[in-house]
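Report on the structure given below.
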Amino acid sequence: MVGLLVAAFIGQWFIGGPEQLGLSRQAVSEGRWLTLATHAVTHGGHLHLWMNSAAILSMTLPVRLLVGSGAEGWWRYLSLLVGAAILSAAMFLLIHPNDGIPMVGASGAICGLWGLLVRSDLETRRLRPLLSKPVMIGMGEFAITNGVLFAILFFAARSTGSQGGLAWEAHLGGFLFGLLLAPLFVRRLSLSEPAATS
(Lines give C-alpha, C1' and ligand atoms only; values in the text may rest on other atoms or scores of the structure.)
Protein backbone atom coordinates (compact mmCIF):
# COMPACT_ATOMS: atom_id res chain seq x y z
CA MET A 1 0.00 0.00 0.00
CA VAL A 2 2.81 2.42 0.83
CA GLY A 3 4.41 1.63 -2.53
CA LEU A 4 1.13 2.50 -4.25
CA LEU A 5 0.87 5.80 -2.36
CA VAL A 6 4.46 6.74 -3.25
CA ALA A 7 3.93 5.82 -6.91
CA ALA A 8 0.70 7.84 -7.02
CA PHE A 9 2.42 10.78 -5.34
CA ILE A 10 5.13 10.81 -8.02
CA GLY A 11 2.63 10.27 -10.83
CA GLN A 12 0.26 13.06 -9.76
CA TRP A 13 2.88 15.69 -10.62
CA PHE A 14 2.91 14.52 -14.24
CA ILE A 15 -0.80 15.27 -14.67
CA GLY A 16 -0.94 18.71 -13.08
CA GLY A 17 -0.75 18.06 -9.35
CA PRO A 18 -3.03 16.63 -6.67
CA GLU A 19 -5.94 18.90 -7.57
CA GLN A 20 -6.60 16.80 -10.69
CA LEU A 21 -7.32 13.67 -8.63
CA GLY A 22 -8.81 15.35 -5.55
CA LEU A 23 -12.44 15.14 -4.57
CA SER A 24 -14.77 18.12 -4.67
CA ARG A 25 -18.38 18.86 -5.51
CA GLN A 26 -17.18 20.48 -8.71
CA ALA A 27 -15.26 17.35 -9.76
CA VAL A 28 -18.31 15.15 -9.21
CA SER A 29 -20.62 17.63 -10.97
CA GLU A 30 -18.25 17.52 -13.96
CA GLY A 31 -18.64 13.74 -14.08
CA ARG A 32 -15.24 12.94 -12.59
CA TRP A 33 -16.63 10.14 -10.43
CA LEU A 34 -13.25 8.45 -10.21
CA THR A 35 -12.20 11.13 -7.74
CA LEU A 36 -14.35 9.28 -5.18
CA ALA A 37 -11.48 6.75 -5.16
CA THR A 38 -8.45 8.59 -6.56
CA HIS A 39 -8.48 11.16 -3.76
CA ALA A 40 -7.32 8.39 -1.41
CA VAL A 41 -4.01 7.81 -3.23
CA THR A 42 -3.31 11.50 -3.78
CA HIS A 43 -1.43 13.66 -1.26
CA GLY A 44 -0.80 17.37 -0.88
CA GLY A 45 2.89 17.13 -0.01
CA HIS A 46 5.72 15.00 1.37
CA LEU A 47 4.70 15.39 5.01
CA HIS A 48 1.10 14.42 4.23
CA LEU A 49 2.32 11.34 2.34
CA TRP A 50 4.74 10.21 5.07
CA MET A 51 2.20 10.70 7.87
CA ASN A 52 -0.37 8.56 6.09
CA SER A 53 2.24 5.97 5.11
CA ALA A 54 3.34 5.66 8.74
CA ALA A 55 -0.29 5.25 9.84
CA ILE A 56 -0.91 2.51 7.28
CA LEU A 57 2.27 0.70 8.30
CA SER A 58 1.35 0.83 11.98
CA MET A 59 -2.21 -0.45 11.48
CA THR A 60 -1.79 -3.02 8.72
CA LEU A 61 -0.30 -5.86 10.78
CA PRO A 62 -2.97 -5.88 13.52
CA VAL A 63 -5.73 -5.50 10.92
CA ARG A 64 -4.27 -8.40 8.90
CA LEU A 65 -4.37 -10.56 12.05
CA LEU A 66 -8.09 -9.85 12.24
CA VAL A 67 -9.07 -10.22 8.59
CA GLY A 68 -7.05 -13.39 7.99
CA SER A 69 -4.13 -14.50 5.90
CA GLY A 70 -3.64 -15.49 2.29
CA ALA A 71 -5.51 -14.14 -0.70
CA GLU A 72 -8.82 -13.99 1.18
CA GLY A 73 -7.27 -11.90 3.94
CA TRP A 74 -5.73 -9.50 1.47
CA TRP A 75 -9.06 -9.20 -0.34
CA ARG A 76 -10.81 -8.31 2.93
CA TYR A 77 -8.07 -5.81 3.83
CA LEU A 78 -8.24 -4.06 0.45
CA SER A 79 -12.06 -4.10 0.47
CA LEU A 80 -11.98 -2.43 3.88
CA LEU A 81 -9.62 0.29 2.61
CA VAL A 82 -11.59 0.94 -0.58
CA GLY A 83 -14.97 0.89 1.17
CA ALA A 84 -13.75 3.29 3.87
CA ALA A 85 -12.25 5.60 1.23
CA ILE A 86 -15.53 5.75 -0.70
CA LEU A 87 -17.67 6.30 2.40
CA SER A 88 -15.24 8.97 3.60
CA ALA A 89 -15.67 10.72 0.26
CA ALA A 90 -19.45 10.48 0.50
CA MET A 91 -19.42 11.87 4.05
CA PHE A 92 -17.16 14.72 2.98
CA LEU A 93 -19.50 15.68 0.13
CA LEU A 94 -22.57 15.34 2.38
CA ILE A 95 -21.29 17.53 5.23
CA HIS A 96 -18.81 19.92 3.62
CA PRO A 97 -20.59 23.25 3.21
CA ASN A 98 -18.77 24.39 0.06
CA ASP A 99 -16.35 23.27 -2.59
CA GLY A 100 -13.20 24.72 -1.05
CA ILE A 101 -10.05 23.07 -2.28
CA PRO A 102 -10.19 19.43 -3.43
CA MET A 103 -9.87 16.83 -0.69
CA VAL A 104 -6.89 14.51 -1.00
CA GLY A 105 -5.28 11.85 1.15
CA ALA A 106 -5.62 8.30 2.43
CA SER A 107 -6.75 9.42 5.89
CA GLY A 108 -10.37 8.38 5.40
CA ALA A 109 -9.33 4.87 4.38
CA ILE A 110 -6.87 4.74 7.29
CA CYS A 111 -9.66 5.73 9.66
CA GLY A 112 -11.53 2.67 8.39
CA LEU A 113 -8.66 0.53 9.70
CA TRP A 114 -8.82 2.50 12.95
CA GLY A 115 -12.55 1.87 13.31
CA LEU A 116 -12.10 -1.86 12.80
CA LEU A 117 -9.32 -1.94 15.41
CA VAL A 118 -11.46 -0.06 17.95
CA ARG A 119 -14.22 -2.64 17.48
CA SER A 120 -11.87 -5.63 17.77
CA ASP A 121 -10.15 -7.42 20.63
CA LEU A 122 -6.68 -8.29 19.34
CA GLU A 123 -6.02 -10.85 22.06
CA THR A 124 -9.03 -12.98 21.22
CA ARG A 125 -9.35 -11.81 17.60
CA ARG A 126 -13.06 -11.33 18.15
CA LEU A 127 -15.39 -8.34 17.91
CA ARG A 128 -16.46 -6.33 20.91
CA PRO A 129 -20.09 -5.26 21.32
CA LEU A 130 -20.66 -1.87 19.73
CA LEU A 131 -21.74 -0.26 23.01
CA SER A 132 -19.04 -1.88 25.16
CA LYS A 133 -16.75 0.25 27.33
CA PRO A 134 -13.56 -0.41 25.26
CA VAL A 135 -15.36 0.63 22.06
CA MET A 136 -16.73 3.78 23.70
CA ILE A 137 -13.24 4.67 24.96
CA GLY A 138 -11.82 4.06 21.46
CA MET A 139 -14.48 6.31 19.93
CA GLY A 140 -13.61 9.03 22.43
CA GLU A 141 -9.91 8.74 21.63
CA PHE A 142 -10.72 9.02 17.93
CA ALA A 143 -12.75 12.19 18.51
CA ILE A 144 -10.07 13.78 20.71
CA THR A 145 -7.24 12.95 18.30
CA ASN A 146 -9.14 14.42 15.38
CA GLY A 147 -10.08 17.51 17.37
CA VAL A 148 -6.43 18.15 18.24
CA LEU A 149 -5.30 17.54 14.64
CA PHE A 150 -8.03 19.85 13.34
CA ALA A 151 -6.96 22.64 15.70
CA ILE A 152 -3.26 22.28 14.84
CA LEU A 153 -3.85 22.25 11.09
CA PHE A 154 -6.44 25.04 11.24
CA PHE A 155 -4.11 27.42 13.08
CA ALA A 156 -1.10 26.39 10.99
CA ALA A 157 -3.03 27.15 7.79
CA ARG A 158 -4.30 30.48 9.10
CA SER A 159 -0.88 31.58 10.33
CA THR A 160 0.72 30.93 6.95
CA GLY A 161 -2.21 32.23 4.90
CA SER A 162 -2.52 28.90 3.10
CA GLN A 163 -5.62 26.90 2.33
CA GLY A 164 -6.33 23.41 3.54
CA GLY A 165 -6.75 21.63 6.81
CA LEU A 166 -8.19 18.42 8.17
CA ALA A 167 -11.11 16.84 6.33
CA TRP A 168 -12.74 15.65 9.55
CA GLU A 169 -15.83 14.66 7.60
CA ALA A 170 -13.81 12.11 5.65
CA HIS A 171 -12.17 10.80 8.82
CA LEU A 172 -15.59 10.31 10.40
CA GLY A 173 -16.97 8.48 7.37
CA GLY A 174 -14.02 6.10 7.15
CA PHE A 175 -14.03 5.44 10.90
CA LEU A 176 -17.76 4.65 10.95
CA PHE A 177 -17.31 2.29 8.00
CA GLY A 178 -14.67 0.26 9.84
CA LEU A 179 -16.47 0.43 13.18
CA LEU A 180 -19.97 -0.51 12.01
CA LEU A 181 -19.06 -2.94 9.22
CA ALA A 182 -16.30 -4.74 11.11
CA PRO A 183 -18.35 -7.99 11.20
CA LEU A 184 -18.05 -8.18 7.40
CA PHE A 185 -14.25 -8.11 7.55
CA VAL A 186 -13.09 -9.82 10.74
CA ARG A 187 -12.56 -13.50 10.08
CA ARG A 188 -14.39 -15.83 12.45
CA LEU A 189 -12.10 -18.31 14.17
CA SER A 190 -12.93 -21.98 13.79
CA LEU A 191 -13.49 -23.98 16.95
CA SER A 192 -10.10 -25.67 16.55
CA GLU A 193 -8.15 -22.38 16.38
CA PRO A 194 -6.73 -20.77 19.51
CA ALA A 195 -8.36 -17.48 20.41
CA ALA A 196 -5.36 -15.78 22.00
CA THR A 197 -2.40 -14.51 20.00
CA SER A 198 0.03 -14.17 22.90
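Overview of results
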item	result
The chain, helix-only ellipticity at 222 nm - DSSP H runs n ≥ 4, -39,500 (n - 2.57), divided by all residues, nearest 500	-20500 deg cm²/dmol
Compactness relative to 2.2 N^0.38 Å, alpha carbon Rg of region 43-136	1.20
Heavy-atom surface of the chain, accessible at 1.4 Å and reported per residue (Å²)	53
The chain: DSSP helices with Cα axial extent of at least 27 Å and average Kyte-Doolittle hydropathy no lower than -0.5	46-67, 70-95, 133-160
Calculated over region 1-102: convex hull of Cα atoms, volume per residue (Å³)	111
Carbon plus sulfur fraction of accessible area for the chain, probe 1.4 Å, in percent	70
Debye-sum result for the chain in log10 I(q)/I(0), which assumes one identical scatterer on each alpha carbon, at q = 0.08 Å⁻¹	-0.27
Point-to-point label distance, Ile152-Arg187, nm (Cα→Cβ direction, 7 Å offset)	3.5
Sorted peptide list for 54-67, 135-148, criterion being average Cβ within 10 angstrom, highest first	54-67, 135-148
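The values are calculated or read from the model by the stated rules, or taken from the named source; none is laboratory data. On a predicted model such as this, the values are computed, not experimentally measured, just so you know. Neighbour counts run over all protein chains shown; Cβ positions are idealised from the backbone, glycine included. Accessible surface is based on the protein model in full, side chains and every heavy atom, while ligands, DNA and RNA are left aside. Shrake-Rupley method; radii C 1.70, N 1.55, O 1.52, S 1.80 Å.
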